[in-house]
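Have a look at the structure below, then the notes.
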Amino acid sequence: IKMIEKLLGEISKDGLSVYGFNETKQASKLGAIKTLYVCDNLIQEKRLDNTFNELEQIMKLVDDQKGNVHIISSSHDGGKKLSGLGGIGALLRYNI
């Protein structure tokens, strides 16, 4: 929950953060993501939609760029908050 609270804090002050699938995808392409948070229910949803490859590419790109990837359980309070943001968010290395 502390990780998600940090993300929410950055979002509230328009800090070094992004959330939502497209915004996070764009930040990953720019190499800007320091820490990626993905909710497990987003992973399940993408697998059911046969669009998991797109999410997997984001996670792999962040990992390749020496960023951290955290899978957050949707049954946890932090996961519920992350689900409200589209199931994906990130802390950034720099503002974009």
Residue tally, condition aromatic (Phe, Trp, Tyr) and within 21 Å of Ile1 (Cα to Cα), over the stretch 26-65: 1
Criterion: assigned to a helix (DSSP H, G or I), in contact (Cβ under 8 Å) with a residue 24 or more places away in the chain and more than 21 Å from Ile11 (Cβ to Cβ) - qualifying residue of Ile58, Ile43: Ile43
Residues (surrounded by 16 or more Cβ atoms within 10 Å (Cβ to Cβ) and over 12 Å from the mean Cα position of the chain (by Cα)) located in the stretch 12-30: Leu16
Restricting the stretch 70-96 to residues that are surrounded by fewer than 16 Cβ atoms within 10 Å (Cβ to Cβ) and hydrophobic (A, V, I, L, M, F, W, C), the residue that is farthest from Gln26 (Cα to Cα): Ile71
Residue identified as surrounded by fewer than 16 Cβ atoms within 10 Å (Cβ to Cβ) and among the charged types (D, E, K, R) among Asp40, Asp63: Asp63
Ser74 vs. criteria closer than 17 Å to Tyr19 by Cα and assigned to a loop (DSSP other than H, G, I, E, B): yes
Gly9 being over 20 Å from Ile71 (Cβ atoms), of a type outside the set (Asp, Glu) and either open to solvent by less than 20 Å² (accessible area, probe 1.4 Å) or not in a helix (DSSP H, G or I) (or both): no
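The values are calculated or read from the model by the stated rules, or taken from the named source; none is laboratory data. Every value quoted in this text rests on a predicted model; they were computed, and no experiment measured them. Neighbour counts run over all protein chains shown; Cβ positions are idealised from the backbone, glycine included. For the accessible areas, the whole protein counts, side chains as well, though only heavy atoms, and no ligand, DNA or RNA atoms are used. Shrake-Rupley method; radii C 1.70, N 1.55, O 1.52, S 1.80 Å.
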